[in-house]
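Data block below; observations after.
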Amino acid sequence: MLGNILKAQWTSARAIVIVFGILAFTIPLASVFYGGDLTISNVFQVSTWLATSRLVGQAIPITALALGVLLGMSAWSADHSGRHVYALSLPVPRWKFVLLRFEAGAILMAGPVAALGVGALLASAVVKLPTGIHAYPLQLTLRFAMAAMVMYAIFFAISIGTKRVVVGTLSAIGALILGDIALGAIGSSPALVEGAYRLLTHWPGPLAILMGRWALFDV
Amino acid sequence: MSYAIETHNLSYRAGKNFELREVNLRVKEGAIYGFLGPNGAGKSTTVRLLMGMLPAASGTIKVLGHDVPRAMPLALADTGYVPERPHLYPPMLVKQAMDYHAAFFKDFDDGYADELLQTFNLVADARLSSLSKGEMGKLHMLLVLAQRPRLLILDEPTDGLDPVARRDVLTALLDFCSQGSTTVFISSHLVHELERICDWVGVLDHGRLIVELPMHGFKQGIKRLRVARPPSLIGDTPFVLLLREQTPYDEIWVVRGWQAPMTQWFDGAGAELKEVVDLDLEEGFVELLRASRTPF
């Protein structure tokens, strides 16, 4: 059953998986584009190289975010257009069907995650690092997997809901922003948006995993 | 008596304008049950309630002996459902849709599915997004027939199909029914279509089940009578008087449960029965609706 659901999900999400697989493979390689043998470079050159590598590395959380969002949203798009009628007519408890769908999406995510892992390992292998600088391909891959999974879980949960749920979520965000602007205009500065942002992006906020440094190479 | 579908005082409310009121359906096992009603009567809502897709406000539903919605997966394991607007996953191919469906039904008959694929002139490699409405309807019918269910619930299965597709679908359905004792619950407003295939009929109007009886009872028992010198007050009658309309010279009565010996009742009542008109299903259906909407 999972195999069939996986196939079904693949037919609707393969473009996302392929594009993000290529992207995930390319980013770590792009981060070593500017150097091969760093053992013969001076401290300034190594420092510049590391900064460039980190800059390129910032594309990784963005990729994880976009991958999770798109896979999460695509998980139910075909069902939404048919108002879930077909899925509801299948002899599977609803919780189980949701779980199978979630699993299928998580398995599809393994493609881009593996691509990032291979890209990171290759990038680590082609660079000769000076003493004190290390490559973290496995850690980076695991973090990418975690970040993509968190985003996938959030948007899977949002997209499973009816239009009313989606509209409600967007309305709440809109109300927060408008409330912030309105209170700011009358002289009060409650920083609602900033507060919400902090709440989400600082531990234990769900988006905290996307923050911080995303470097394949570090001290 | 065992019933494939049984509802008891089933009620549902959607907003201020629509209400399903205490519907008591009894669909015998092996019956081909036509669920008739005009557009907006509540047929699709009833079907969705039977499928556990809507929560009932009150009342109980049993499908194949299982409580709905509590034991819905058990009921669905033996139920084939074609919705009003068939929808499968558009990026899939026809063959993939068949494999996908088969994964959920242990009795899915691949050989029969391939046979129906030929019968319906469907192309296995066609993408679902490229199928016409008729082809999508036929594919959905293929899937539910090949799962060899004990119960088929079809919600307007031929609505919007061209005559050829409609004939193909109905022929396949009849062919399937002739192979076993599947119960079919078919909702439609196309009366003449149900007349050909159903042996039971239920009529829903404005959310109320106004009649449920065998097709022969419906066709033979509903009559239009022309009555001269009708009594002003009518006491007990051996038939059910549904509608009474005055004309310049006599009265037209629409009755249910009519049998030939009942003509004697008119002599006793001092009236004269001038004519008994047989009604086909469509005429009977129209008269029933008129009667339910204009109580005398």
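Bear in mind these aren't lab numbers, they're just calculated from the coordinates by the rules spelled out. It should be emphasised that the depicted structure is a prediction, and the values quoted were computed from it without experimental measurement. Note: ideal-geometry Cβ built from the backbone for every residue, glycine included; neighbour counts use all protein chains shown.
Yes/no matrix, rows are residues, columns are (1) at the interface with chain A (Cβ under 9 Å from one of its Cβ atoms); (2) under 17 Å from residue B:172 (Cα atoms); (3) of a type in the set (Asp, Glu); (4) touching a Leu at 6+ places or on another chain (Cβ under 7 Å):
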{"position": "B:72", "(1), (2), (3), (4)": "yes, no, no, no"}
{"position": "B:88", "(1), (2), (3), (4)": "yes, no, no, yes"}
{"position": "B:109", "(1), (2), (3), (4)": "no, yes, yes, no"}
{"position": "B:113", "(1), (2), (3), (4)": "no, yes, no, yes"}
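Please go through the range B:135-168 and give me each residue that is free of Cβ contacts under 8 Å to residues at least 60 places away in the same chain and over 17 Å from residue B:98 (Cα atoms), ordered by number.
B:158, B:160, B:161, B:162, B:163, B:164, B:165, B:166, B:167, B:168, listed by residue number.
Quick check on my filter: what residues within the range A:88-105 are of a type in the set (A, V, I, L, M, F, W, C) and under 12 Å from residue B:52 (Cα atoms)?
Across the range A:88-105, the qualifying residues are A:88, A:90.
Matching residues to (1) of a type in the set (S, T, N, Q); (2) crowded, with 23+ Cβ neighbours inside 10 Å:
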{"residue": "B:55", "(1), (2)": "no, no"}
{"residue": "B:58", "(1), (2)": "yes, no"}
{"residue": "B:81", "(1), (2)": "no, yes"}
{"residue": "B:84", "(1), (2)": "no, no"}
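Filter the range B:266-278 down to residues that are out of contact with any Lys or Arg (no Cβ under 6 Å at 6 or more places or on another chain), surrounded by 13 or more Cβ atoms within 10 Å (Cβ to Cβ) and not in a helix (DSSP H, G or I), then give me how many there are.
Of the residues in the range B:266-278, 2 are out of contact with any Lys or Arg (no Cβ under 6 Å at 6 or more places or on another chain), surrounded by 13 or more Cβ atoms within 10 Å (Cβ to Cβ) and not in a helix (DSSP H, G or I).
Of everything in the range B:194-214 that's under 24 Å from residue B:83 (Cα atoms) and among the aliphatic types (A, V, I, L, M), which residue is surrounded by the most Cβ atoms within 10 Å (Cβ to Cβ)?
B:201
Among the helices (runs of 4 or more DSSP H) contained in the range A:83-191, which hold 1 or more residues that are within 30 Å of residue B:149 (Cβ to Cβ), among the aromatic types (Phe, Trp, Tyr) and touching a residue at least 24 places away in the same chain (Cβ under 8 Å)?
Counting at least 1 such residues, we get A:94-126.
I'd like to know if the range A:5-26 contains one or more residues that are in a helix (DSSP H, G or I), over 22 Å from the mean Cα position of the chain (by Cα), within 13 Å of chain B (Cβ to nearest Cβ) and β-branched (Val, Ile, Thr).
Yes: one or more hits.
Could you look through the range A:131-163, keep only residues that are surrounded by 15 or more Cβ atoms within 10 Å (Cβ to Cβ) and among the β-branched types (Val, Ile, Thr), and pick out the one that is nearest to residue A:77 (Cα to Cα)?
A:160
Which of the helices (runs of 4 or more DSSP H) contained wholly in the range B:102-213 include at least 1 residues that are touching a strand residue (DSSP E or B) at 6+ places or on another chain (Cβ under 7 Å) and farther than 30 Å from residue B:291 by Cα?
Where helices (runs of 4 or more DSSP H) fall fully within the range B:102-213 and carry at least 1 residues being touching a strand residue (DSSP E or B) at 6+ places or on another chain (Cβ under 7 Å) and farther than 30 Å from residue B:291 by Cα, they are B:133-146, B:163-179.
Between A:51, A:30, which is surrounded by fewer than 15 Cβ atoms within 10 Å (Cβ to Cβ), away from every other protein chain (no Cβ under 14 Å) and free of Cβ contacts under 8 Å to residues at least 40 places away in the same chain?
Only one candidate passes the filter, namely A:51.
Would you confirm whether any residue within the range A:140-150 is of a type in the set (Ser, Thr, Tyr) and within 28 Å of residue A:211 (Cβ to Cβ)?
yes
Among the residues in the range A:45-65, are any farther than 22 Å from residue A:143 by Cα and within 18 Å of the chain's Cα centre (by Cα)?
Taking every residue of the range A:45-65 in turn, none turns out to be farther than 22 Å from residue A:143 by Cα and within 18 Å of the chain's Cα centre (by Cα).
From the set of residues in the range B:92-103 that are within 7 Å of chain A (Cβ to nearest Cβ) and crowded, with 19+ Cβ neighbours inside 10 Å, which is nearest to residue A:91 (Cα to Cα)?
B:100
Applying the selection to the range A:115-143, what residues are more than 12 Å from residue A:28 (Cα to Cα) and under 14 Å from the mean Cα position of the chain (by Cα)?
Passing the criteria: A:142, A:143.
Going by what's in this entry, would residue B:21 be described as of a type in the set (Lys, Arg) and either on the phi > 0 side of the Ramachandran plot or in contact with a Gly (Cβ under 7 Å, 6 or more places away or on another chain) (or both)?
In short, yes.
Out of everything in the range B:15-65 that is within 14 Å of another protein chain (Cβ to nearest Cβ) and of a type in the set (A, V, I, L, M), what residue ends up being nearest to the chain's Cα centre (by Cα)?
B:47
Being surrounded by fewer than 16 Cβ atoms within 10 Å (Cβ to Cβ), under 26 Å from the mean Cα position of the chain (by Cα) and in contact (Cβ under 8 Å) with a residue 12 or more places away in the chain: is that true of residue B:174 here?
Yes; evaluated as a whole, the condition is true for this residue.
Pick from the range A:69-97 the residues that are more than 8 Å from chain B (Cβ to nearest Cβ) and hydroxyl-bearing (Ser, Thr, Tyr): which of them is farthest from the chain's Cα centre (by Cα)?
A:77
Counting only residues that are surrounded by fewer than 23 Cβ atoms within 10 Å (Cβ to Cβ) and either touching a helix residue (DSSP H, G or I) at 6+ places or on another chain (Cβ under 8 Å) or among the acidic types (Asp, Glu) (or both), how many does the range B:178-193 have?
Result for the range B:178-193: 6.
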